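The block underneath contains the structure these notes are about, expressed in structure tokens.
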Amino acid sequence: MLVIKNLHAKIEDKEILKGVNLEIKPGEVHAIMGPNGAGKSTLSSVLAGNDKFTVCEGSVTFNGKDLLDLPPEDRAREGVFLSFQYPVEIPGVSMVNFMRTAVNEHRKYKGQEPHSASEFLKLMREKKQLVEIDSNLTNRSVNEGFSGGEKKKNEIFQMAMLEPKLSILDETDSGLDIDALRIVANGVNKLKTKENSTIVITHYQRLLDYIVPDFVHVLYKGRIVKTGGKELALELEEKGYDWIKKEFED
Amino acid sequence: MNVTCRITDLQEEYVALYDTHLSTLQAGAPEAMNALRGKAIEEFKKLGIPSNKVEDYKYTNLQPHFKGELNVAFSNEAAQEGVSTDFNCQVPELQTHNIFFVNGWYSHQTDACPLPEGVIMGSIREKGNANPELLAKYYGRRAPIGTDGPAAMNTAFAQDGAFIYIPKSTVLKRPIQIVNIMTGDVDRLVFQRNIIIADENSQAKIMFCDHTLSSSKFVVNTVSEIFANESSVMDVINIQNQHNNSVQVAGYYASQKKHSNLMTNNMTLHAGLARNNVKIKMEDEHCEAYMNGLYLCDKNQHVDNFTFIDHAMPHCNSNELFKGVMDDGSTGAFTGRVLVRKDAQQTNAFQSNNNLILTESARINTKPQLEIYADDVKCSHGATVGQLDEEAMFYLRARGINTDEARVLLMFAFAYEVIEKIRVEPVREQIRGLVERRFRGEFDKCSSCVACGDVDGHLGCL
């Protein structure tokens, strides 16, 4: 589904990704862990198409298409979804209007008719229940005045609405208490199918108790330096990242 | 009688025009209007048409716009019979008492149901003559003829306009809509003079809709005096939609009495050059004033909002919000003076001006001015100039929304705050739609009365 080959990316003149290789097949859950500054969020931003970062080498194909060639909106319509680490507040844009526009743009891209108002509201209602998001949140402006937990729930709600093929969860667990974490993780698990894949980017292992990965990768200094099963996450939790750093430096 | 004048040397020629046609100006006009003309023309001789050397007009030089060949209608022939009856001007879901002016002259009024008893609505010529004492009591009381050139000029030349009076304790359920239509094949200079009086404990909503229906150049000098008497509640909404060749200097001069509540909304959706002078004086205690404005400019349009809230008495609240979106090579200015006089203790005065600049060449000059002479007050002011938020742009695009659509969403979100202040729901809804269409570039030039939806067929509009 997703093939990343020798990906290099920089912001201004600073190279952050220095040759990332990763392949993700349908239905797989990959966790990417790593110390601060390793390039985890850069990787997710580059995949989503944030033009703050420049790709200087390498390739990314998504279901056979050159992902790097597409503008962010087309990547989203192709089925890439980024759950932002820091979701943006947009006062004045209502959640309903935002989601209706997004869903209908996706439908248009696929050659489908836009949803009628009642169809759309029905869809919203279903998905709200699925991810246990408070009804009041969807009556407000996008993320405006939302707590950290509400913002993250709202990301998962958007994911439910857009039904992506590949979801990238960028530090979705940061700042969440255990109850919010459970709700968010439950939402992700309910949306899981055999066809869609997930990249979970996290600093801590706890989220992976709820969203169980098939593979765990350690990103360090812009490269994936270690790959293992879910037990690698436990090892990292126990021993920290120093041994990885040491291994890498050696 | 229609007079074509070619103006090159401003003051002298306008004064000569006045001298030549004084008897025409006076004929049929109410005594109160005629009584002020002499003083007004003397003041105009001193003040003239402001250039940008006049501090208050620093960003808007009006002189070039008042030069050239312009027609002045000294009689109501300018209200071409029949034109405005074809003009469909309805806000859906909103029944209004409509009064139509064509080229500054009263044309007619339409009314689905009768006005409450005692309400006066019509031409200032006719209603002013019928109610001379009422007019004399208020006329000229607020217009700053001693300090503002265009206001002095208007007072000297004006012959017609709207007269609205809401008697004591009367609540007008439906808004009054004053539709100003500029039309015809000749370039015109128009003076319109409106007076709106809400008497004690009355309530009314007044809408001014300004339109252009032909491509001629229109120079409009309008003065509206607004009186919110004790315990009255009044909304004044101006929806301006004029073509790029229009020049409008509009003065809204209001005064408030005890416990009155006044809101002004100046929505400049499309205008060539617009200068709004909006001034509210709180002449008594416990007044509340809300002054809001939205200006959307593109191409080489120019909008200048010059506002003044005068806290002359204690225990009053004012809240001012102006927002602007500047695209292409448009230019704009905002001045917001808030004066809290020495006696005006316990004043709350808040002001904010926010601007969105979409291009390198668009310009805005914003000048908040807070002057406080009292020592127990709560006041704030702020001005911002910024671009579209790139992070928000990316967020929207990452959800599959294309750049154009994302821009419209964000621009609308910016303007939204001002639209939501309007206290008449159907008008709010209408303006939401209009603003969205404006941002989508769907009304480059108006197709009809923008405030009122499409009009069928034969009235072409620029």
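The values are calculated or read from the model by the stated rules, or taken from the named source; none is laboratory data. In this text the structure is predicted, and so the values were computed from the model without any measurement. With ideal geometry, Cβ positions are generated from the backbone for all residues, glycine too; neighbour counts draw on all protein chains shown. Only protein heavy atoms, including side chains, enter the accessible area calculation; ligands, DNA and RNA are left aside. Shrake-Rupley method; radii C 1.70, N 1.55, O 1.52, S 1.80 Å.
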Sort out which residues of segment A:88-104 are in contact with a strand residue (DSSP E or B) (Cβ under 8 Å, 6 or more places away or on another chain) and open to solvent by less than 20 Å² (accessible area, probe 1.4 Å), and write them in order of number.
A:Val88, A:Ile90, A:Gly92, A:Val93, A:Met95, A:Phe98
In segment B:148-192, residue surrounded by the fewest Cβ atoms within 10 Å (Cβ to Cβ) [restricted to those that are touching an Asp or Glu at 6+ places or on another chain (Cβ under 7 Å) and at pLDDT below 95]
B:Asp187
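I'd like the full set of residues that are touching a residue at least 24 places away in the same chain (Cβ under 8 Å) and either touching a Leu at 6+ places or on another chain (Cβ under 9 Å) or part of a helix (DSSP H, G or I) (or both), limited to segment B:20-34.
Quick first cut of segment B:20-34, residues touching a residue at least 24 places away in the same chain (Cβ under 8 Å) only: B:21, B:24-25, B:28-33.
B:His21, B:Thr24, B:Leu25, B:Pro30, B:Glu31, B:Ala32, B:Met33, listed by residue number.
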Would you confirm, using the coordinates I've provided, whether B:Phe394 is within 14 Å of another protein chain (Cβ to nearest Cβ) and out of contact with any Leu (no Cβ under 9 Å at 6 or more places or on another chain)?
yes
Exactly one of B:Ala254, B:Ala156 is assigned to a helix (DSSP H, G or I), touching a residue at least 24 places away in the same chain (Cβ under 8 Å) and small (Gly, Ala, Ser), and that one is B:Ala156
Select from segment B:201-227 the residues that are modelled with pLDDT of 95 or more and not in a strand (DSSP E or B) and write down the one among them that is least open to solvent (accessible area, probe 1.4 Å).
B:Ser202
Criterion violated by A:Gly240 - all others in (1) of a type in the set (Gly, Ala, Ser); (2) surrounded by fewer than 13 Cβ atoms within 10 Å (Cβ to Cβ); (3) closer than 19 Å to A:Lys18 by Cα satisfied:
(3)
Which of (1) among the aliphatic types (A, V, I, L, M); (2) over 26 Å from A:Ser197 (Cα atoms); (3) within 14 Å of chain B (Cβ to nearest Cβ); (4) out of contact with any helix residue (DSSP H, G or I) (no Cβ under 7 Å at 6 or more places or on another chain) is the odd one out, the single condition A:Val46 does not satisfy?
(2)
Flagged in segment A:105-138 as within 9 Å of chain B (Cβ to nearest Cβ) and open to solvent by less than 60 Å² (accessible area, probe 1.4 Å), in numbering order, are A:Glu105, A:His106
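Take the residues in segment A:142-168 that are in a strand (DSSP E or B) and in contact with a helix residue (DSSP H, G or I) (Cβ under 7 Å, 6 or more places away or on another chain), then tell me which one is farthest from A:Val188 (Cα to Cα). Outline the logic, then answer.
Of segment A:142-168, the ones in a strand (DSSP E or B) are A:142, A:166-168.
After this cut, where a residue has to be in contact with a helix residue (DSSP H, G or I) (Cβ under 7 Å, 6 or more places away or on another chain) as well, the list is A:142, A:167-168.
Numbers: A:Val142: 20, A:Ser167: 9, A:Ile168: 11 Å.
Restricting to residues being in a strand (DSSP E or B) and in contact with a helix residue (DSSP H, G or I) (Cβ under 7 Å, 6 or more places away or on another chain), the top hit is A:Val142.
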In the list A:Lys221, A:Lys190, which residue meets the criterion of being at positive phi and either in contact (Cβ under 8 Å) with a residue 24 or more places away in the chain or not basic (Lys, Arg) (or both)?
A:Lys221
Might you let me know whether segment A:141-162 holds any residue that is of a type in the set (Ser, Thr, Tyr) and within 14 Å of another protein chain (Cβ to nearest Cβ)?
yes
Can you name the number of the only condition in (1) within 14 Å of chain B (Cβ to nearest Cβ); (2) among the aliphatic types (A, V, I, L, M); (3) more than 20 Å from the chain's Cα centre (by Cα); (4) within 23 Å of A:Asn196 (Cα to Cα) that A:Val93 fails?
(4)
Limited to segment B:362-391, what total is found for residues that are farther than 28 Å from B:Asp310 by Cα, within 14 Å of chain A (Cβ to nearest Cβ) and not in a helix (DSSP H, G or I)?
3
Could you list, in sequence order, the residues of segment B:413-438 that are more than 7 Å from chain A (Cβ to nearest Cβ) and open to solvent by less than 30 Å² (accessible area, probe 1.4 Å)?
B:Ala415, B:Val418, B:Ile419, B:Ile422, B:Val424, B:Val427, B:Ile431, B:Leu434, B:Val435, B:Arg438
Filter result for the condition that a residue is open to solvent by 70 Å² or more (accessible area, probe 1.4 Å) and farther than 21 Å from A:Asn196 by Cβ, over A:Lys14, A:Lys25, A:Lys65, A:Lys10:
A:Lys14
Please verify whether B:Gln346 is over 18 Å from B:His270 (Cα atoms) and not in a strand (DSSP E or B), treating the condition exactly as stated.
yes
Of all residues in segment A:142-184 being polar (S, T, N, Q) and open to solvent by 20 Å² or more (accessible area, probe 1.4 Å), the one that is farthest from A:Phe81 (Cα to Cα):
A:Ser147
Qualifying residue in segment B:446-457 (condition: more than 16 Å from B:Val325 (Cα to Cα), within 14 Å of chain A (Cβ to nearest Cβ) and at pLDDT below 95)
no
Strands (runs of 3 or more DSSP E) fully within segment A:191-231 counting 3 or more residues that are closer than 19 Å to A:Ser167 by Cβ
A:197-201, A:215-220
